[in-house]
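I have placed the structure first, in the form of C-alpha cells, so that the comments after it can refer back to it.
The values are calculated or read from the model by the stated rules, or taken from the named source; none is laboratory data. Source: prediction; values computed, not measured. Here the Cβ is made from the backbone with ideal geometry for all residues, glycine too, and neighbour counts use every protein chain on show.
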C-alpha cells in the first residue's frame, strides 16, 4: 500500500489507553493501519496488564511499553529518555489523558475543592506541557504532538464542571506550546472530540444528554465514532498536515457551530 500519509516507520508515542473504548486506542488503530511504529505508556501495573491483553487481542504490536506517571516530572523525563534509547527519534506524541475526582464532577462547580481543582489541572492540562518539554529533545527532526479536548473547554456544558476548566487550560496550552515549539518544526494541535462512551465519560452526570443533543442538533444528526476521531488524529500527526499548528480541530458532527 502506498504510504500516502507518510507515517510508515515513524515512531509515535501513545499515552492514555485505558481500554478498547479509549480515544487513544482509536488513534492507535488508525496509526497501526498507516504503518507507524507505536510505543505505549502506562501508569500502574494494572494498566499494563489491561494494555497487554488489549494489544494481544487486537493483533497490534507495540514496539515498546514504558511506565510513565504523568503527575510526576521525573517519571515523564525517564520515560521519554527510555523511549528514545529503545526506539530512537520520536516523530509524534498522542496525549490522551484527563481526570478529575468524582466528587468534583457531582457537586456544583462552585463547591469544587482546591485540591480537586489543582488535581484536574495537573493531570489534564499541565501534563501536556511536561510531556512536550520532555519529548522535545528527542524530536530533533520535528514532528507532531496532539492532545484530546472537548467542547466543554470552549463553552459551558452542564455537568462538565471542573473538567471544562481543565480543558480550557489545555487548549490555551496547545496554542502557547505551538508558538514555543514551532521553531523546532514541532506542531501542537488538539482534537475536540464529540462525546464517546469512554471510561472518563462515565464520570460526567449529563453525558447521555450530550449524546442526545448531538443526535438532534448537530448538522450530521449523529454522534461520532472512535474510528473517526482516530482517523482525524492520524491526519494531524501526519506530515500531510505540516502547515497546521495551534489548532483545535473539531470532530463532533459539526455540533460546535450551532448556537
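Determine whether the stretch 212-221 contains at least one residue that is buried (at least 19 other Cβ atoms within 10 Å of the Cβ), in a helix (DSSP H, G or I), at positive phi and in contact (Cβ under 8 Å) with a residue 12 or more places away in the chain.
So far as the stretch 212-221 goes, no, none of its residues is buried (at least 19 other Cβ atoms within 10 Å of the Cβ), in a helix (DSSP H, G or I), at positive phi and in contact (Cβ under 8 Å) with a residue 12 or more places away in the chain.
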Can you give me the number of residues within the stretch 100-118 that are without any contact (Cβ under 8 Å) to a residue 24 or more places away in the chain and buried (at least 22 other Cβ atoms within 10 Å of the Cβ)? 0
Keeping to the stretch 180-198, report how many residues are crowded, with 16+ Cβ neighbours inside 10 Å and touching a strand residue (DSSP E or B) at 6+ places or on another chain (Cβ under 8 Å). 10
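Conditions (1) surrounded by fewer than 23 Cβ atoms within 10 Å (Cβ to Cβ); (2) over 13 Å from residue 94 (Cα atoms); (3) modelled with pLDDT of 95 or more, marked per residue:
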| position | (1), (2), (3) |
| --- | --- |
| 120 | no, yes, yes |
| 123 | yes, yes, yes |
| 136 | yes, yes, yes |
| 139 | no, yes, yes |
| 145 | no, no, yes |
| 153 | no, yes, yes |
| 158 | yes, yes, no |
| 165 | yes, yes, yes |
Write out, first by first residue and then by second, each pair whose Cβ atoms fall under 7 Å of each other, whose residues are 6+ apart or on separate chains, and whose first residue, in the stretch 1-22, is on the phi > 0 side of the Ramachandran plot and free of Cβ contacts under 8 Å to residues at least 40 places away in the same chain while the second is surrounded by fewer than 22 Cβ atoms within 10 Å (Cβ to Cβ) and not in a loop (DSSP other than H, G, I, E, B). 9/37
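Listed here are the residues, each with its yes/no results for (1) closer than 23 Å to residue 194 by Cβ; (2) crowded, with 16+ Cβ neighbours inside 10 Å; (3) within 19 Å of the chain's Cα centre (by Cα).
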residue: 10; (1), (2), (3): no, yes, yes
residue: 14; (1), (2), (3): yes, yes, yes
residue: 33; (1), (2), (3): yes, no, yes
residue: 57; (1), (2), (3): no, no, no
residue: 69; (1), (2), (3): no, yes, yes
Can you name the residue in the stretch 97-111 that is more than 24 Å from the chain's Cα centre (by Cα) and not in a helix (DSSP H, G or I) and, of all such residues, is modelled with the highest pLDDT? 108
If you check 177, 170, 237, which single one turns out to be surrounded by 22 or more Cβ atoms within 10 Å (Cβ to Cβ), closer than 21 Å to residue 104 by Cβ and touching a strand residue (DSSP E or B) at 6+ places or on another chain (Cβ under 7 Å)? 170
Restricting the stretch 131-152 to residues that are touching a residue at least 60 places away in the same chain (Cβ under 8 Å), in a helix (DSSP H, G or I) and closer than 15 Å to residue 96 by Cβ, the residue that is farthest from the chain's Cα centre (by Cα): 135
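Answer with yes or no whether residue 142 is closer than 23 Å to residue 22 by Cα and touching a helix residue (DSSP H, G or I) at 6+ places or on another chain (Cβ under 7 Å).
Judged against the criteria, residue 142 is not a match.
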Per the filter on the stretch 182-196, residues assigned to a helix (DSSP H, G or I) and touching a residue at least 60 places away in the same chain (Cβ under 8 Å) are 182
